[in-house]
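Worksheet: the structure to be examined is printed underneath.
The values are calculated or read from the model by the stated rules, or taken from the named source; none is laboratory data. Just so you know, these numbers come straight off a predicted model, no measurement behind them. Positions of Cβ are generated from backbone atoms using ideal geometry, with glycine treated the same way; all protein chains shown enter the neighbour counts. For accessibility, only protein heavy atoms count, side chains too; no ligands or nucleic acids. Shrake-Rupley method; radii C 1.70, N 1.55, O 1.52, S 1.80 Å.
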Amino acid sequence: ESDVPDIEPDKLAGLLLILAFPCLLAVAAAGDLARYRIGNGLNITLALLYFPAAFVVGSDIETTAWHLGAGTTVLAVGLVLFVLDRLGGGDVKLLAAAACWTGFSALPAFLIYVALSGGVLALFLLLARKLLANRLSETSSLARLFGATRDVPYGLAIAFGGFATLPRLDLIRSLLAS
């Protein structure tokens, strides 16, 4: 007899779809770190994958609609911040896509984790840029990140916020309860 537990196909499908959330956040963080860019395709994929995950886990239409509302609300507020030049367009779209997964119930925790991670990241970059000023060759792969720029790859903070929020996601709670 095997020690591997039997997993129902629906639970396995739900788990695999839910794992897309942290995996795509990690890809977004890596892209933002390397190129200061988070692609639209990634953001759209992240947002859209919420729907089959919700379906497989058994979320009802009302809950799914509220999650879409959370994403839409974050997108609206984010667009204002983008117009005010406070947040990059890719960051706004990534936040909105992630908010589809958090819904309103986990959104405050998610945004707090993102803000705290972003603050730590910004302080780290300020310190590193000050210490490395004039020490990096312009052709160095680190020059873009640690050179004379005010840019912050905020996708990294958004990803950390998403990772920290994982245990609070309705989908995970539903999956574990079934």
Within the chain, helix-based [θ] at 222 nm, where runs of 4 or more DSSP H residues each add -39,500 (n - 2.57), nearest 500: -26000 deg cm²/dmol
Accessible surface of region 31-178, 1.4 Å probe, proportion on carbon and sulfur as whole %: 67 percent
Listed residues 11, 130 arranged by accessible area, highest first, probe 1.4 Å: 130, 11
Residue-by-residue Karplus 3J(HN,Hα) for region 115-130, coefficients 6.51, -1.76, 1.60, Hz, glycine and proline x: 5, 5, 4, x, x, 5, 4, 5, 5, 4, 5, 4, 5, 4, 5, 5
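Based on the Cβ-Cβ distance from residue 122 to residue 76, what FRET efficiency comes out when R0 is 22 Å, to the nearest 0.05? If you can, show how the numbers build up before the last one.
Details: r = 24 Å, r/R0 = 1.11.
With a Förster radius of 22 Å, E is 0.35.
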Inter-label distance, nm, simple model (7 Å from Cα along the C-beta direction), residue 55/residue 40: 2.4 nm
In Å², nearest 10: area of residue 113 left accessible to a 1.4 Å probe: 70 Å²
Residue 178 versus residue 86: modelled label distance in nm, points set 7 Å from Cα along the beta carbon direction: 3.9 nm
Label corresponding to percent of Cα pairs over 30 Å apart when calculated from the structure given, among (1) 53; (2) 25; (3) 38: (2)
Within region 31-67, backbone nitrogen closer than 14 Å to the virtual label 7 Å beyond the Cα of residue 129 toward Cβ: 36
Residue with peak Gaussian network fluctuation, the chain [Cα springs, cutoff 10 Å], from 114, 27, 83: 83
Distance histogram for region 21-116 (every C-alpha pair counted, 10 angstrom bins, percent rounded to whole numbers): 17, 49, 30, 5
